[in-house]
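Here is the structure we will look at, set down as structure tokens.
Every read-out reported here was derived from the displayed coordinates using simple, explicitly stated rules and does not represent laboratory data. This is a predicted model, so every value here is computed, not measured. Every residue, glycine among them, receives a Cβ derived from its backbone with ideal geometry; neighbour counts consider all protein chains shown.
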Amino acid sequence: MLQNLMNMLQVLLVSVGVKLWMYGFNRDLGQRIGSTALLATAADSRNDCIATGAVLAAALLERQIQPILL
């Protein structure tokens, strides 16, 4: 069970890292060429980071609260 949680956390952390890179890349390129589509894509990547961070926090919180509830 703990190994599954660790694997899930690793995947979520990698996902956040990739999305942060995508955010920076799309934002910089969008500003450089004046593309609102790329700026919107950057904002979407940023929002994905926020959502994935919330899932990550919930998974960690669930791990702490579960023993209390059982």
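At a glance:
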quantity: Unit charges at the beta carbon, dipole of the chain: most positive-side option, Ala54, Val14, Leu39; calculated: Leu39
quantity: Table column - 3J(HN,Hα) (Hz), the range 41-56, Karplus curve with 6.51, -1.76, 1.60, x for Gly and Pro; calculated: 5, 4, 4, 5, 5, 4, 5, 4, 4, 5, 5, 5, x, 5, 5, 4
quantity: ³J(HN,Hα) computed for each position of the range 13-26 - Karplus, 6.51 cos²θ - 1.76 cosθ + 1.60, integer Hz, glycine/proline x; calculated: 5, 5, 4, 4, x, 5, 5, 5, 4, 4, 4, x, 4, 5
quantity: Magnitude of the charge dipole, the chain, Cβ model with Lys/Arg +1 and Asp/Glu -1, debye to 20; calculated: 120 debye
